[in-house]
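Please read the structure below before turning to the comments.
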Amino acid sequence: MSRTSAALQPPADAVAPVRHPDAPAPGELLGAHYEQCFGCGGEQSHGLQLEARAGEGVTVTAEFTVRAAHQGAPGLAHGGVLATALDETLGSLNWLLRTIAVTGRLETDFALPVPVDTVLYLEAEVTAVAGRKIYSTATGRIGGPDGPVAVRADALFIEVKVDHFIDNGRPEEIRAAMNEPDQIRRVRAFEVNP
């Protein structure tokens with residue numbers, strides 16, 4: 001990013017991120033944390049249906065195809081949709097830390113327009129951790145990992161307890177997620193940013 005705000009600069013006492021021993025293996029598809037999630041959920045017909053994979057260290061890669069429903073200007077992706085793709089990718093990093101966290105701040109730079117039917121390739125990594133604060137960065141490239149940079153973001157995620165979701169979510173969705181018989185799916189519904 002050209003000028004990251006002071007809020008996104010890790011403090012001097014920040015430490016390097018450590019991949020959790022139970023994190024998904026490099027190359028493993030992370031899957032949707034919640035089927036109704038606009039970013040990664042399969043039940044959102046107009047959602048991004050972004051697919052993220054664990055990378056080496058504390059990194060992820062992701063892809064999504066810009067569809068007609070994602071337009072802002074005619075034939076081009078809406079900037080908010082691109083910011084959502086970056087946020088979803090950055091949020092996926094928390095699976096590698098095995099930390100429940102929410103987006104505290106997201107700063108995005110838009111370098112190139114992204115046409116409809118384009119595959120956006122995203123790479124993200126955690127750069128530092130300071131207490132409950134997780135600092136990360138992401139880049140979105142057109143067409144593949146070597147394509148031109150279209151978007152960039154720096155982010156600050158804040159570790160929270162699961163009560164954050166229970167106390168603030170819509171009760172019927174919280175009950176449905178809590179009543180999910182599959183324990184893994186039940187826990188994953190609350191693993192990344194809302």
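The values are calculated or read from the model by the stated rules, or taken from the named source; none is laboratory data. Owing to the predicted nature of the structure, the values given are computational and were not obtained by experimental measurement. Every residue, glycine as well, gets a Cβ built from its backbone with ideal geometry; the counts of neighbours run over all protein chains shown. Protein only, heavy atoms only, side chains kept; ligands, DNA and RNA dropped before computing areas. Shrake-Rupley method; radii C 1.70, N 1.55, O 1.52, S 1.80 Å.
Here are some notes:
- Put a dot 7 Å past the Cα of residue 13, heading toward its Cβ, do the same for residue 65, and the two dots end up 4.9 nm apart.
- Taking Lys and Arg as +1 and Asp and Glu as -1, the other residues whose beta-carbon sits under 14 Å from that of residue 125 total 0.
- Whole-number accessible area per residue in Å² for segment 7-92, which is evaluated in the context of all protein chains at 1.4 Å: 47
- Net charge of the neighbourhood of residue 108, taken over other residues with C-beta under 10 Å away and scored Lys/Arg +1, Asp/Glu -1, is -3.
- Between residue 29 and residue 132, residue separation times 0.36 nm minus the direct Cα-Cα distance comes to 34.5 nm.
- Take 69-77, 19-27, 92-100, 106-114 and order them by the average number of nearby Cβ atoms within 10 Å per residue, most first; the result is 92-100, 106-114, 69-77, 19-27.
- For segment 6-143: relative contact order, % (alpha-carbon pairs under 8 angstrom, 6 or more apart): 27
- Table column - 3J(HN,Hα) (Hz), segment 81-88, Karplus curve with 6.51, -1.76, 1.60, x for Gly and Pro: 5, 5, 5, 4, 4, 5, 4, 5
- For segment 1-106: rounded, prolate or oblate by the Cα gyration tensor [a/c cutoff 1.5]: oblate
- Apportionment of accessible area to carbon and sulfur, segment 1-142, percent (1.4 Å): 51
- Remark: segment 101-110, residue by residue, has Karplus-estimated 3J(HN,Hα) of 8, 10, 5, x, 7, 9, 10, 10, 10, 10 Hz, where x stands for each Gly or Pro and the curve is 6.51 cos²θ - 1.76 cosθ + 1.60 at θ = phi - 60°.
- Segment 49-86 versus segment 1-42: alpha-carbon centroid distance in Å: 15
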